[in-house]
Amino acid sequence: MSWKFYEEAIDVMRVRWRYLPAVFRWRGRRYQVDAVDRSWVVPAVGWRRRHDRRFFQARCGEGLYEIYQDLQAGTWHLRRARLLPAGARMPLLRPAPQRSRP
């Protein structure tokens, strides 16, 4: 399961806590975000890119998706994805059990 680059526009249909993607549409298909594993901001640097981008590594049932929001334009894009084979599901990460203190 390796990363494949797409750089395609997506439609984020719902967000959580005002900025985390919860549901997005890509190529006519709806994806439910089960978890956001990480997020980071990449500032605009140099002449090629003039806008900051907020990135998210989103875990859906079909794989991992790296999506970003252009903070100036407000548009969303799929940068790359790690798709699972047909029929396979992405396991959800479970938090470590909490140890009780004596």
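So, of the residues in region 53-79 that are open to solvent by less than 10 Å² (accessible area, probe 1.4 Å) and more than 10 Å from the chain's Cα centre (by Cα), which turns out to be modelled with the lowest pLDDT? Looking at residues that are open to solvent by less than 10 Å² (accessible area, probe 1.4 Å) and more than 10 Å from the chain's Cα centre (by Cα), I get Gly61. If only residues of region 1-45 that are farther than 10 Å from Leu78 by Cβ and of a type in the set (Asp, Glu) are counted, the one that is most open to solvent (accessible area, probe 1.4 Å) is Asp11.
The values are calculated or read from the model by the stated rules, or taken from the named source; none is laboratory data. Since the model is a prediction, treat every value here as computed from it, not as a measurement. For neighbour counting, all protein chains shown are included, and Cβ atoms are generated from backbone atoms with ideal geometry for every residue, glycine included. Please note that ligands, DNA and RNA were not included when accessible areas were found on the heavy atoms of the full protein model with its side chains. Shrake-Rupley method; radii C 1.70, N 1.55, O 1.52, S 1.80 Å.
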